[in-house]
Amino acid sequence: LISKILKSTDGGESWSIIMNQDFEYLFDFEMLDADTGYAMGATVNMSTGNVKTLLHKTTNGGNEWTTIDPKKNIVFQSIDFWDSRTGWMAGQNNSIFKTTDGGETWKGFKSGRTNVSFETVVFADTLNGWAAGSAGILHTSDGGETWEQQTTATSAYITSLFVVDNK
């Protein structure tokens, strides 16, 4: 299975392939500006069933991609980068991680929940962020060091969030 990322430079009139990646799953993609972007996916070893998350980074609009191995055998569904160095990823097994070096190393945080899977993580600034999934919505106001459960009007499994600012 090959995942593809396409790019348009004419408002969507035409598209070109900027990445062909041998992912079984492509979970998230984010461009910070016209040049810098990240793609995150996972491969599965069909013999062993082991999952490997891979992160790819471009600094030239998708013409070239560098593979970054976050060295985590967890499936991560979401990434959110504040700038080219600071970003977060969230996924299965209560997992929320932060990088301050563009994805080269990752520090894990405890969500305070057990047996949860996060589908999305989004930050309004370098301190205020939200993660959502099977645990509803959690919020951090200290860059991910601690997370608090948010009250919501639903008990549904939340797959996506969007924030405008920290309010």
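Below are the figures for this structure:
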| quantity | calculated |
| --- | --- |
| Elements of type strands (runs of 3 or more DSSP E) in the range 1-108, at least 2 residues being within 13 Å of the chain's Cα centre (by Cα) and touching a residue at least 24 places away in the same chain (Cβ under 8 Å) | 25-31, 37-44, 51-58, 76-81, 87-91, 95-99 |
| Count - residues of the range 30-61 that are modelled with pLDDT of 90 or more and either within 22 Å of G91 (Cα to Cα) or open to solvent by less than 50 Å² (accessible area, probe 1.4 Å) (or both) | 10 |
| Test: residue in the range 2-23 that is within 21 Å of F118 (Cβ to Cβ) and out of contact with any Gly (no Cβ under 7 Å at 6 or more places or on another chain) | no |
| Which listed residue, of L138, L127, is assigned to a loop (DSSP other than H, G, I, E, B) and hydrophobic (A, V, I, L, M, F, W, C) | L127 |
| Boolean, F81 is at pLDDT below 80, aromatic (F, W, Y) and open to solvent by less than 40 Å² (accessible area, probe 1.4 Å) | no |
| From D80, D101, residue being within 17 Å of S141 (Cα to Cα) and acidic (D, E) | D80 |
| Output for the range 109-128, where each listed residue is free of Cβ contacts under 8 Å to residues at least 24 places away in the same chain, surrounded by fewer than 15 Cβ atoms within 10 Å (Cβ to Cβ) and either under 21 Å from F162 (Cα atoms) or hydrophobic (A, V, I, L, M, F, W, C) (or both) | none |
| Criterion violated by A153 - all others in (1) surrounded by fewer than 14 Cβ atoms within 10 Å (Cβ to Cβ); (2) small (G, A, S); (3) modelled with pLDDT of 85 or more satisfied | (3) |
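The values are calculated or read from the model by the stated rules, or taken from the named source; none is laboratory data. Bear in mind the structure is a predicted one, so any value in this text is a computation, not a measurement. Reconstructed Cβ throughout: ideal geometry from the backbone, glycine too, with neighbour counts over all protein chains shown. In case anyone asks, the SASA skips ligands and DNA or RNA and just uses the protein heavy atoms, side chains included. Shrake-Rupley method; radii C 1.70, N 1.55, O 1.52, S 1.80 Å.
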